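Visitor: Can you keep this structure in mind? I'll have questions shortly.
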Amino acid sequence: MTAIYAVLATGLGAIIGSFLNVVIHRIPRDEPLGLFAKTRSCCPSCKGEIAWFDNVPVLSYIYLLGKCRACGWRIPVRYPLVEVSCAALFLLAVLRVDALGWTPAWLAFGVTAAFAAICLAATAIDFEHKILPDELTMRAGPAAGVVGALFVPAIHGTALFRHDLVPTFKPGLASLVVGIAGAAAGAAIIGGIRWVGTLIARREAMGLGDVKFMAMCGLLLGPWGAVLAIMVAMVGGSVLGLLIWAVTRNREIPFGPFLAMGALAVLFYGPAIDHLIFVSYPAWVRGG
C-alpha cells in the first residue's frame, strides 16, 4: 500500500467527520439530512448559514478560534474531535484492510470505514442525548453489514460454530448467514443483560437502542465477534466508566459508546484480542 492511500483515506475521513457533525446535531432533533435538507449547515446559535471556507474540517475551527464568525458563539470542541477521530478511523481502516488482505480492498475499506463512521456518530449522540437512533442502528448500520457479508466475506468468515458453510452456500451467502447469526447473538446477549439488570435495579438498566446497536454490530462481526466485542465493551466500560464517574460523579453513563469501542476493536484486531483473552492471559495466570 502506498502512502498516498493513507493520505487520501485520512482526508476523506476528515470530510466525512464534518458531515457526521451534521448527522449528530440533526438526527436527535428530527431535522432532515442530505438531499432532504432544505438548508445548508448553519450556526445553532444565530442560524446564519456557514460559508464553505468556514466549514473546512479542523482548519476552520482553528482559524476561527472555535467561534462562529457571525455571532461569536463558542463552537463545542466535539466538532473538531469528531473530524479528527473520523480521519484517524479511516486511516486505521485502510491500514488494517491492507494488513489483513481483505478483498476487494476498495470495498472492504468502504464497508469498514462506513461502519466506523456509524459507530462514531452513535457514540457522540449517545453521550449527548442518551439515545441510539434507529437511523443508524436499523438503517445505515445494517446496510453496511449486509454489503460486507455479501461481498467481503473475509471480514467475519464463513464458518458457523466451527462448521464452514461454503460447501453448502456460496461464500457471500454463507457469510450473510453467519452475519445474521451474529446479529441474533449480539441482540440476545445484550437483551439478556438488559433484562437481568432491570430486574436487579428495578428500573430500566439500558435502552432498547443498545440491543439494536449490538444486533447491527453482530451482522458485520459474526456471532463470535459479537461475543468478543461485548467482552471488550464490558471491560472498557468498567474501567472508563469508573474514571468518568470519579471526575463527573455522573452515574448515568451510556453503554453504547463502549459497545462501539468493542465492535471497532474486534473489527480491526479480532484475532489478536481472541489470542490475548484465551491464550496469552491464561498462560500468564498459570505462569504466575
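Since every read-out is calculated from the coordinates, none of them should be taken as a lab result. These figures come from a predicted structure and were not determined experimentally. With ideal geometry, Cβ positions are generated from the backbone for all residues, glycine too; neighbour counts draw on all protein chains shown.
Visitor: Can you list the residues, at least 5 places off or on another chain, whose amide H is less than 5 Å from the amide H of LEU160, using H built in the peptide plane?
Guide: Excluding prolines and chain starts, which carry no amide H, the hits are LEU165.
Visitor: Any chance you could give the angle, 0 to 90 degrees and rounded to 10, that helix 256-275 forms with the longest Cα principal axis of the chain?
Guide: For helix 256-275, the angle is close to 40 degrees.
Visitor: Next question, about the same structure. Would you mind getting me the FRET efficiency between ARG40 and ARG78? Use the beta-carbon distance for r and R0 = 25 Å, nearest 0.05.
Guide: Computed FRET efficiency for ARG40 and ARG78 comes out at 0.80.
Visitor: Something else: Amide H to amide H, which residues 5 or more places from CYS42 or on other chains are under 5 Å from it, using H placed in the peptide plane?
Guide: ILE50
Visitor: Between MET138 and TRP52, with labels modelled 7 Å along Cα→Cβ, what's the label distance in nm to one decimal, could you check?
Guide: Here the modelled spin labels are 3.7 nm apart.
Visitor: Still on this structure, I have one more. Starting from the Cα of LYS67, draw a straight line to each of the aspartates and glutamates and keep only those under 20 Å, dropping any in the same chain fewer than 8 residues away.
Guide: Result set, ordered by chain and number: GLU49, ASP54, GLU83.
Visitor: Once a ≥ b ≥ c are taken as the square roots of the eigenvalues of the Cα gyration tensor of the stretch 133-288, is the result rounded (a/c under 1.5), prolate (a/b larger than b/c) or oblate (a/b not larger than b/c)?
Guide: In terms of gyration-tensor shape, oblate.
Visitor: LEU65 versus SER238, label points 7 Å from Cα toward the beta carbon: distance in nm?
Guide: For the pair LEU65/SER238, the computed spacing is 4.7 nm.
Visitor: Can you tell me which aspartates and glutamates have their Cα less than 20 Å from the Cα of LYS212? Leave out same-chain residues fewer than eight positions away.
Guide: Correct list for LYS212: ASP30, ASP126, GLU128, ASP134, GLU135, GLU204, GLU252.
Visitor: Any idea what angle helix 78-100 forms with the longest principal axis of the chain, computed on alpha-carbon atoms, 0 to 90 degrees, nearest 10?
Guide: Approximately 30 degrees, to the nearest 10.
Visitor: Further, regarding this structure: Normalising by the residue count of the chain, find the relative contact order in percent from Cα pairs under 8 Å and 6+ residues apart. Don't jump to the answer; show the numbers that get you there.
Guide: On the way: 391 pairs, mean separation 45.3, N = 288.
RCO, the chain: 16 percent.
Visitor: Another one. Which value at 222 nm does the chain reach when only helices count, each DSSP H run of 4 or more adding -39,500 (n - 2.57), with the total divided by all residues and rounded to the nearest 500 deg cm²/dmol?
Guide: One gets -22500 deg cm²/dmol as the mean residue ellipticity at 222 nm.
Visitor: On to the next question. Can you tell me which of 261-274, 223-236 comes out highest on packing, and rank the rest after it, using the mean Cβ neighbours within 10 Å?
Guide: Listed from highest to lowest mean packing, they are 223-236, 261-274.
Visitor: At what distance in nm do the modelled label points of GLU252 and ALA88 sit from each other, each positioned 7 Å from its Cα along Cα→Cβ?
Guide: Going by the 7 Å Cα→Cβ label model, 2.8 nm.
Visitor: If each residue of separation counts as 0.36 nm, what is the full-extension length gain between GLU31 and GLU204 once their alpha-carbon separation is subtracted?
Guide: Gain on stretching GLU31 to GLU204: 59.5 nm.
Visitor: While we're on this one: Using θ = phi - 60° and the Karplus form 6.51 cos²θ - 1.76 cosθ + 1.60, what ³J(HN,Hα) does each residue of the stretch 234-246 get, whole Hz, x for Gly and Pro?
Guide: Each residue of the stretch 234-246 in turn: 5, 5, x, x, 5, 6, 5, x, 5, 5, 5, 5, 4 Hz.
Visitor: Report the extension gain between ALA154 and LEU276 in nm, rounded to one decimal, defined as 0.36 nm multiplied by the number of residues separating them, less their alpha carbon distance.
Guide: Net length gain for the segment: 41.8 nm.
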